[in-house]
Amino acid sequence: MNIPFVDLKSQYQSLKPEIDAAIQMVLNDTTFVGGKYVEAFEKAFASQYGVKHCISCANGTDAIYISLKAAGIGPGDEVITAANTFIATSEAITQTGARPVFVDNDEYFHLDPARLEEKITAKTKAVIPVHLYGQPAAMDDIKAICDSHHLLMIEDCAQSHFAALDGRQTGTFGLAGTFSFYPGKNLGAYGDGGAIITNDSDFARRARLFANHGSEKKYIHEIEGINSRLDGLQAAILSVKLKYIEGWNEARYQHALKYTDLLQDIPEVKCPKLRPHCSHIFHIYCLRVPQRDHLIDYLKSEGIATNIHYPIALPYLPAYSYLKHQPEDFPVASEYQNEILSLPMYPELTDEQIIFISDSILKFYSRQV
Ligand SMILES: Cc1ncc(COP(=O)(O)O)c(C=O)c1O
């Protein structure tokens, strides 16, 4: 059986008439950059989040960078984030001239609030929790620490569209939430795209200004900014897909329950833990396993694609060798990086595929291969 890691084709096929019509409308109107389709998407996304503002931009990395700039972060500042995330989070910090400071994982693969306070210095200005894999980070504890130290909180929601903690959606706990609409994300465009949500109108104005060459009015530039825009085609596609996100997230959640049900009795396999009171949207279904690289090869020989998010925790990447971190600085991230394995996950995955994948893992560990 051939099982891809994500299957964007099935989803397009299921929505083809609607998506094709949306694309055709943008082509007919030639509203390629900005314009009514972008405005309509921003309005719909903000409304679905119950927030005042959505500022769209070119991608999820820019969404973090623009947010940090609009929050006034710059050279001399420190911004704290998780050791286990995609490099985009820390790249955006460095782009502002600030220094990234990493915190080790908790058992849910997120920034561990118990290790956060020790990283706070006089230079710390903000914290970026990442709702990695689609599950909310420990927001109550992280927010309490941020509040007591007067730190800004910007949530990286690139993997957590509409995930919630106690019914409150990720992206609404701090100053802003940032999103990626990279095609493989739970809400994915057909190219790059990103957005920021916030209830702070001054911050929203500064973010919009910075993302558009520092200009609200054509050729009047209040500051120097950047060019980071969502295009009309992506906005129209995202507006169609936004109507389906809840069902897709629910399908992913059901697939995750099925995986866990089938895998939890294999002694070698550690299934992802559900944080209490959270709705996990399973952007990624991540196991922890021994002999991980052999298992990957075996699954590949069975036609099953897998992935690792992420094979090297950020502090140990060559890009951060200047921080001179040692394995003992982040014991959990150091251990997990050799064990984590992401299984195929997308709404259109079938029970038959999940059973085949789970049986293959069982065969591998019971040495029937
Ligand atoms: C946690 C996280 N943050 C930020 C990003 C950056 O998003 P983009 O690729 O749209 O720039 C990603 C994308 O992979 C991500 O997974």
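The values are calculated or read from the model by the stated rules, or taken from the named source; none is laboratory data. Quick caveat: nothing in here was measured; it's all calculated off a predicted structure. Using ideal geometry, Cβ is built from the backbone for each residue, glycine included, and neighbour counts are taken over all protein chains shown. Side chains are part of the model used for accessible areas, which takes the heavy atoms of the whole protein and leaves out ligands, DNA and RNA. Shrake-Rupley method; radii C 1.70, N 1.55, O 1.52, S 1.80 Å.
Just a yes or no: is a residue in region 4-15 open to solvent by 10 Å² or more (accessible area, probe 1.4 Å), of a type in the set (Asp, Glu), touching a residue at least 40 places away in the same chain (Cβ under 8 Å) and within 16 Å of the ligand (Cβ to nearest atom)? Scanning region 4-15 turns up no residue that is open to solvent by 10 Å² or more (accessible area, probe 1.4 Å), of a type in the set (Asp, Glu), touching a residue at least 40 places away in the same chain (Cβ under 8 Å) and within 16 Å of the ligand (Cβ to nearest atom).
Answer yes if at least one residue in region 104-122 is in contact with a Ser or Thr (Cβ under 8 Å, 6 or more places away or on another chain), among the β-branched types (Val, Ile, Thr) and either open to solvent by 20 Å² or more (accessible area, probe 1.4 Å) or within 17 Å of Ala195 (Cα to Cα) (or both), and no otherwise.
So far as region 104-122 goes, no, none of its residues is in contact with a Ser or Thr (Cβ under 8 Å, 6 or more places away or on another chain), among the β-branched types (Val, Ile, Thr) and either open to solvent by 20 Å² or more (accessible area, probe 1.4 Å) or within 17 Å of Ala195 (Cα to Cα) (or both).
When we screen Leu349, Leu295, Leu341, Leu299 for residues that are open to solvent by less than 40 Å² (accessible area, probe 1.4 Å), out of contact with any Pro (no Cβ under 7 Å at 6 or more places or on another chain), part of a strand (DSSP E or B) and in contact (Cβ under 8 Å) with a residue 12 or more places away in the chain, the only hit is Leu341. Evaluation of Ala333 against the conditions (1) open to solvent by 70 Å² or more (accessible area, probe 1.4 Å); (2) within 25 Å of the chain's Cα centre (by Cα); (3) of a type in the set (Gly, Ala, Ser) shows that the sole unmet condition is (1). In the set (1) touching a strand residue (DSSP E or B) at 6+ places or on another chain (Cβ under 6 Å); (2) not in a helix (DSSP H, G or I), the condition left unmet by Pro276 is number (1).
Counting only residues that are within 7 Å of the ligand (Cβ to nearest atom) and surrounded by 24 or more Cβ atoms within 10 Å (Cβ to Cβ), region 49-60 holds 1 of them. Taking the criterion of being open to solvent by less than 30 Å² (accessible area, probe 1.4 Å) and farther than 18 Å from Ser47 by Cα, the only residue of region 166-185 that qualifies is Gly184. The residue of region 189-210 that is nearest to the ligand (Cβ to nearest atom), among those that are surrounded by 23 or more Cβ atoms within 10 Å (Cβ to Cβ) and not in a helix (DSSP H, G or I), is Gly194.
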